[in-house]
1. Please report E144, E62 as a ranked list, fewest other C-beta atoms within 10 angstrom at the top and most at the bottom.
2. Could you work out how much longer the chain between K45 and L163 gets when fully extended? Use 0.36 nm per residue separation minus the Cα distance between them, nm to one decimal.
3. Which net charge results when you count Lys and Arg as +1 and Asp and Glu as -1 among the other residues whose beta-carbon is under 14 Å from that of A131?
4. Taking the Cβ of T118 as the center, what net charge do the other residues with Cβ under 12 Å away carry, scoring Lys and Arg +1 and Asp and Glu -1?
5. Figure the gain on full extension for K141 and K111 (residue separation times 0.36 nm, minus the Cα-Cα span) and round it to one decimal in nm.
6. Rounded, prolate or oblate: which fits region 84-153, taking a ≥ b ≥ c as square roots of the Cα gyration tensor eigenvalues, rounded meaning a/c under 1.5, else prolate when a/b beats b/c?
7. Which of K79/K111; K45/K132; K61/K156; K80/K141; K80/K108 have a Cα-Cα distance over 20 Å?
8. Evaluate E = 1/(1 + (r/R0)^6) for R82 and I152, where r is the Cβ-Cβ distance and R0 equals 25 Å; express this FRET efficiency to the nearest 0.05.
Amino acid sequence: MGILRGDKDYGKYIGVNISLISDLLLTFKMGLTIMMSDHGTLAFKLEDNILMIEGCGPWNKEAMILSTHNAGLVQRQRKKARWGVIAVLNGDPIHTPDAAQLLIEYVKYDKQNGRIATALILTDSTCPELAKRHIADLYDKAGEDYQFFSNICDAKIWMATVLA
């Protein structure tokens, strides 16, 4: 049984039991896709100074660690002075408690490295108001400027004004 070490940039190592992620699928195509059984999916793509994320939840700690560890796009984005995130979250964007804490830590770290704001689009959620409250709580704890949108066009317009 092997151990995968987390991203050194976060100032600590996070161990992941490889047997828990045996269903991992990596696809490199205009970004990175990470899919794990019962853990959710995350895909990353850069558009200028915006990191586009598309995911399908719910997510656990292992999914959060792998997505950040393997998303070299995030590392490249941090080299920019000001950047933002547009996240399209399909299904129920709920995080386990340990995954929620990791997301808060990742956002705080990113904010120290140029991240300005996050635009969120929720689709196909069985409980959209609960999902919004859950996500809002996490971003509030991280001190992130965020906004919910019903479509990507409005999210991009808002993000352009925030980053200007």
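Just so it is clear, none of the values below were taken in a lab; they were calculated from the coordinates. Source: prediction; values computed, not measured. In this analysis, Cβ positions are derived from the backbone assuming ideal geometry, glycine residues included, and neighbour counts consider all displayed protein chains.
1. Numbers: E144 19, E62 22.
Ordered from fewest to most neighbouring Cβ atoms within 10 Å, E144, E62 come out as E144, E62.
2. 40.7 nm
3. Details: positive: K132, R133; negative: D92, D124, E129, D137.
Neighbour charge sum, excluding A131 itself: -2.
4. -2
5. 9.5 nm
6. Note, shape of region 84-153 comes out oblate.
7. K45/K132; K61/K156; K80/K141
8. 0.80
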